[in-house]
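Worksheet: the structure to be examined is printed underneath.
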Amino acid sequence: MNLRLFLQKMKGGETSPDRKPFSEIAWSWLGAFFGIYLAATAGSMVGADLLSRLFLVGSFGASAVLLYGAPQADFSQPRNLLGGHILSAIIGVSVNAFLPFDMALLGALAVSLSILVMHLTRTLHPPGGATALIAVIGGTNIRDMGYSFVGAPIATGAVVLLLVALLLNNLSNNPKRQYPKYWL
């Protein structure tokens, strides 16, 4: 490949899109606030000690951006949210539990295998890659959870985020916020 043409591809060529209307921004803020707050407090709602049983992981922040900021995106749909997080958590826990490699190699394997599986199952959800990585680098608290990490915080938190997305995105009068576009 010609180096000049290769570098020219990096220039882009289009301009960034206009800012969304304030009403869309407000709905995004409201959904993210309630989604993250409810996911974070889900443990206390069922009587679990939040310090010993995490119900909130960093990858949920990225899911909130998708669900409440871009609810029409394919990455934001329920099958992608749930499948992406759950499959990636299973892969991350499995890689961490059964392979005797250093953290760098385990992390690379967990993320890349998660992407592969999400593509094959049509559940691509970018925060799923972070979920797989968290299962590897999350320390002894996460490692000690084993496969229960998949159920709580991952599946539990993803379901809470989904329920908030279903409620708040459909309260808007804007037909472009109708959620979901599809389930399966």
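What to note about this one:
- Among the residues making up the range 112-128, those that are under 14 Å from residue 59 (Cβ atoms) and assigned to a helix (DSSP H, G or I) are 114, 115, 118, 127, 128.
- The one condition from (1) part of a loop (DSSP other than H, G, I, E, B); (2) buried (at least 23 other Cβ atoms within 10 Å of the Cβ) that residue 101 does not meet is (2).
- When residues of the range 162-176 are limited to those that are under 19 Å from the mean Cα position of the chain (by Cα) and not β-branched (Val, Ile, Thr), the one surrounded by the most Cβ atoms within 10 Å (Cβ to Cβ): 165
- Residue, farthest from the chain's Cα centre (by Cα), within the range 52-94, restricted to residues that are modelled with pLDDT of 95 or more and among the β-branched types (Val, Ile, Thr): 93
- Residues located in the range 61-77, provided they are in a helix (DSSP H, G or I), out of contact with any helix residue (DSSP H, G or I) (no Cβ under 6 Å at 6 or more places or on another chain) and closer than 21 Å to residue 117 by Cβ: 74
- Among residues of the range 141-162 that are in a helix (DSSP H, G or I), those with a Cβ under 7 angstrom from a residue that is charged (D, E, K, R), sequence gap 6+ or separate chain, pair up as 152/53.
- Total residues in the range 25-51 satisfying the condition of being closer than 10 Å to residue 157 by Cα, at pLDDT below 90 and of a type outside the set (Gly, Ala, Ser): the figure is 1.
The values are calculated or read from the model by the stated rules, or taken from the named source; none is laboratory data. Given the structure is predicted, the values throughout are model-derived calculations rather than measurements. Here Cβ is always computed from backbone atoms with ideal geometry, including for glycine, and neighbour counts include all displayed protein chains.
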